[in-house]
1. Give just the number: which of (1) open to solvent by 20 Å² or more (accessible area, probe 1.4 Å); (2) within 30 Å of the chain's Cα centre (by Cα) does Lys51 not satisfy?
2. Going through the stretch 494-546 one residue at a time, which ones are open to solvent by less than 10 Å² (accessible area, probe 1.4 Å), of a type in the set (Gly, Ala, Ser) and outside any helix (DSSP H, G or I)?
3. Quick test for you: out of Glu482, Glu419, pick the one residue that is more than 16 Å from ligand 2 (Cβ to nearest atom), at negative phi and not in a helix (DSSP H, G or I).
4. Mind counting the residues in the stretch 360-404 that are closer than 16 Å to Asp418 by Cα and open to solvent by 10 Å² or more (accessible area, probe 1.4 Å)?
5. Please state which of the following conditions Pro440 fails to meet, knowing it meets all the rest: (1) in contact with a Lys or Arg (Cβ under 6 Å, 6 or more places away or on another chain); (2) not assigned by TED's automatic domain parsing to the domain that holds Thr548.
6. Inside the stretch 428-443, can you point out the residues that are within 11 Å of ligand 2 (Cβ to nearest atom) and either at positive phi or in a strand (DSSP E or B) (or both)?
7. Checking the conditions here, which among Lys541, Lys476 is of a type outside the set (A, V, I, L, M, F, W, C), away from ligand 2 (no atom under 16 Å from the Cβ) and modelled with pLDDT under 90?
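The values are calculated or read from the model by the stated rules, or taken from the named source; none is laboratory data. Keep in mind that this is a model prediction, so the values were computed, not measured. Methodologically, a virtual Cβ is constructed for each residue, glycine included, from the backbone with ideal geometry; neighbour enumeration extends over all protein chains shown. Side chains included, ligands, DNA and RNA excluded: accessible areas come from the protein's heavy atoms. Shrake-Rupley method; radii C 1.70, N 1.55, O 1.52, S 1.80 Å.
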Amino acid sequence: MATSGSRVLRGVAASPGIAVGKVYILELEELHIKEKNLTPEEVGPELTRFKAALATTRDEIEQVKDTIRQELGSEQAKVFDAHMQILDDVVAVEETVRVIREERKNAEFAYRRTLSKIAEEFDALEEEHFRSTAADVRDVKRRVIRHLLGKPRRSGADISGQVVLVAHDLTPSEAAFLTHDTVLGIATDSGGRTSHAAIMARARGIPAVVGLKYATLHVKQNDTLAVDGNRGLVEVHPDDQALTDYERRRIQYRELEGALQHIRELPAVTPDGRQIELSANIEMPEEAQLALDRGARGVGLFRTEFFYMKSARLPSEEEQYEAYRKVAELMHPYPVIIRTVDVGGDKFASYLGTERENNPFLGWRGIRFSLERTEIFKIQLRAIFRAATVGNVKLMFPMISSLDELRQANEICREVKDELRSKRVPFGDNCEVGIMAETPAAVFIADSLAREADFFSIGTNDLIQYTLAVDRGNEKIAHLYEPLHPAILRSIRTLVDTGHKHDIWVGVCGEMCGDPAGAVILLGLGLDEFSTSPYLLPEIKTIVRSVTYAEASELAQRALCLSTAAEVRRFVEEKIASRFPQIALP
Ligand code: PEP
Ligand code: MG
């Protein structure tokens, strides 16, 4: 919790671990370029100078690529192949040469104008994939211009001691040079879990939070900043108590990491014998192994948006089938719950027809999209049902807010299965089909939904935003986003009790179960399954193994009688501190 004077910012947990240190803001180095008019005699030498800068940049990119390949593997080095292609792009080079030759402008001016225009064209396309290409173009542009200006030093080279690096964005070139020796943690305004900075931070074990939107606005050089790469938040100016907590959690995280091998094999069972299914949330097939390594006994939420957002074309049935099959095989016999695509909200892609809307979170999102674009929905369902032949695959629908939606979706599942049957394509006929319970409507009609769904997986991230009317991404009202609000606890209790009354299991796949206080309450409310970030699993498993179900239930019952979120939090934190001091609180 933020205290007076401190400020907590939420972003995306990109690389696990806790770091506290002095801020170093990596400013985008100003490269001052003057527009110069050349005399006819100067054109030839200017062209030579431009070509020399391209050659030097080529060598430099080659070198960085080699270093990254050796250190982190060829997959991570691929981004520099893309940089090489941008550098050698015939159109870009020819246009720059034309500006130098015909407009008689200096090389840095000509190259900057040409590449900036290309980057802007990519920016105008809404897909994430193209925005990252725009960033790559700018990265290459800066490299070449630095050579033209004779400024080969990259920014950040003057870092001394160990710092927490804060930047609007980190280019692949900058990220490539981050090391443990100087960088304790990373916080960036932009980027997602798959951005280059995130990948490189993970590969090097540097805690990182990305996608903070306004970190660079809220911190100054040398401020103290805590980075919680497990939960995706940073705290500016933490007070002494918070610093002590971060330090304790940093040490505990290290210890858990050290004991990971041991914890991984232990069951998630309370001292009085209540078993919790502990699963992981993943977004990419590659994360399934990480989930297993960190002790997951299944994938409780496989977000599939990545397939649709990574490029500007629809993922084919085969492509999806292969990915789902791989994960299902790897996890077998543990379950893999695949969520059908949840585009819309903050994830739009113009090629899918999901445009920016006035109220995107109340808009054309999740199941609403799939029920309208049934041709896209059916391709995904076919891939999921086919993958269910090789593993324990379940599927669930996001954003269900009426029984009609569930019925329509179930009907489409029947049609898809009939088609597969008639074409003699093998598929898993007994695949469980559940819903994400993440709208207040789903809570109120839980009894109807429970009759026609095989399970509920509570999406607390959205349930909180919709129940409390607090935009989950709006930093201004982040203090109102309160998982322990009585309305949330009561909604969860309704979902659990109703689900159990109808003999279906109820899990949570929102971030609330990755928070120690949240996990204890959820345990006490009778949840059957927790699914959270792979990085949080050892900590959450330790909690489940430390608290008896009887005590957690009593705590949850008493919390349910309290009237405000602050009272609940105080009560839960005090109880945990006195009864289970071994459990760290954020
Ligand atoms: C949720 O809403 O809690 C959830 C897990 O789904 P997402 O975060 O993808 O909306
Ligand atoms: Mg959701």
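1. Among (1) open to solvent by 20 Å² or more (accessible area, probe 1.4 Å); (2) within 30 Å of the chain's Cα centre (by Cα), Lys51 violates only (2).
2. Those that are open to solvent by less than 10 Å² (accessible area, probe 1.4 Å), of a type in the set (Gly, Ala, Ser) and outside any helix (DSSP H, G or I): Gly507, Gly510, Gly526, Ser531.
3. Answer to the selection: Glu482.
4. Number satisfying all stated conditions: 8.
5. So Pro440 meets the others, but not (1).
6. The answer is Met436, Ala437.
7. Lys476
Residues are listed down the side, and each one gets a yes or a no for (1) surrounded by fewer than 17 Cβ atoms within 10 Å (Cβ to Cβ); (2) farther than 26 Å from Arg558 by Cβ; (3) of a type in the set (Lys, Arg):
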{"residue": "Ile435", "(1), (2), (3)": "no, yes, no"}
{"residue": "Ala446", "(1), (2), (3)": "no, no, no"}
{"residue": "Arg451", "(1), (2), (3)": "yes, yes, yes"}
{"residue": "Phe455", "(1), (2), (3)": "no, yes, no"}
{"residue": "Leu468", "(1), (2), (3)": "no, no, no"}
{"residue": "Glu482", "(1), (2), (3)": "no, no, no"}
{"residue": "Leu489", "(1), (2), (3)": "no, no, no"}
{"residue": "Ile492", "(1), (2), (3)": "no, no, no"}
